[in-house]
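As structure tokens, the structure follows; a few thoughts come after it.
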Amino acid sequence: MKFEKESCSVKELVDDLYLAHQLLVPTHLRFSKEAEGDLFIYTDKKRLSQVITNFLTNACKFTNSGYIKLGFKHLRGTDEAAIFVEDSGIGLSEEEQEKVFSRFFKQDEFSQGAGLGLSICQGIVQNLGGRIALSSKLGKGSRFSVVLPVYKGG
């Protein structure tokens, strides 16, 4: 995979992804955006968008009612930005959370896909110099975040 990094406004990226997915999120789900100010990161915008799109697709697949939220924030006390997708879906057990980034892991063996999505996402994010953070409670929902260094320029 080829990566082309450049300075990127996180607010602009999240706004673009929100607009692009407004019509794709099922109408019975509340789709919202949460943003604070703006941050800049040095990244491959196209690859990062693929990762966030995968998170949004999974959120739609595993959320039957409630909401999906797309947002970003500056992680307090760090020089890191977190871009996240949060949902009120089925969530993941602790055991599933340990396996979810493994190749071929599927939470629902009858759902579409080969189970490669999150494994590939993790590889992309690592190549971008970041990490994926996961917070989930079974039956309550999940939050998948891409955590990347804030870009200071130069």
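FYI, it's all coordinate maths here, none of it is from the lab. On a predicted model such as this, the values are computed, not experimentally measured, just so you know. Using ideal geometry, Cβ is built from the backbone for each residue, glycine included, and neighbour counts are taken over all protein chains shown.
For the pair Ser7 and Ser49 in one chain, pulling the backbone fully straight at 0.36 nm per residue adds 13.7 nm over the alpha carbon distance. Antiparallel beta bridges, as assigned by DSSP with both residues in the chain, represent about 85 percent of the total such bridges. Spin-label pair Asp16-Ser135: with each label point 7 Å from Cα along the Cα-Cβ axis, the two points sit 2.7 nm from one another. The aspartates and glutamates within cross-link reach of Lys73, meaning a Cα-to-Cα straight distance under 17 Å and a gap of 8 or more places when in the same chain, are Glu12, Asp15, Asp16, Glu34, Glu36, Asp38, Glu86, Asp87. Among Leu56, Leu75, Leu118, the residue with the largest mean-square fluctuation in a Gaussian network model of the chain, with springs joining Cα atoms closer than 10 Å, is Leu75.
For trypsin sites (Lys or Arg not before Pro), the sites in the range 37-92 that DSSP calls loop and that have at most 15 other Cβ atoms within 10 Å are Arg76. Across Thr53, Thr43, Thr78, mean-square fluctuation computed from a Gaussian network of the chain (C-alpha pairs under 10 Å connected) peaks at Thr78. Charge tally for Lys140 (other residues, Cβ to Cβ under 12 Å; Lys, Arg +1; Asp, Glu -1): 0. Taking Cα centre as origin and charging only the Cβ of basic (Lys, Arg, +1) and acidic (Asp, Glu, -1) residues, the dipole magnitude of the range 6-149 rounds to 180 debye.
Filter the chain for me: DSSP H helices, axial length by Cα at least 20 angstrom, mean Kyte-Doolittle hydropathy not below -1.0. List them by residue number.
Numbers: long enough: 45-61 (24 Å, -0.32).
Both cut-offs are met by 45-61.
Fully extending the segment from Lys152 to Glu36 would add 40.0 nm, taking 0.36 nm per residue of separation and subtracting the current Cα-Cα distance. Between His28 and Leu75, the modelled label-to-label distance comes to 3.6 nm, taking each label 7 Å out from Cα in the direction of the beta carbon.
Amide H contacts of Tyr151: Phe40, Ile41, Tyr42, each under 5 Å away and 5 or more positions distant or on a separate chain (H built 1.01 Å from N in the peptide plane; Pro and chain starts excluded).
Computed over the alpha-carbon pairs of the chain, the distance histogram in 10 Å steps reads 11, 42, 36, 10, 1 percent, short to long.
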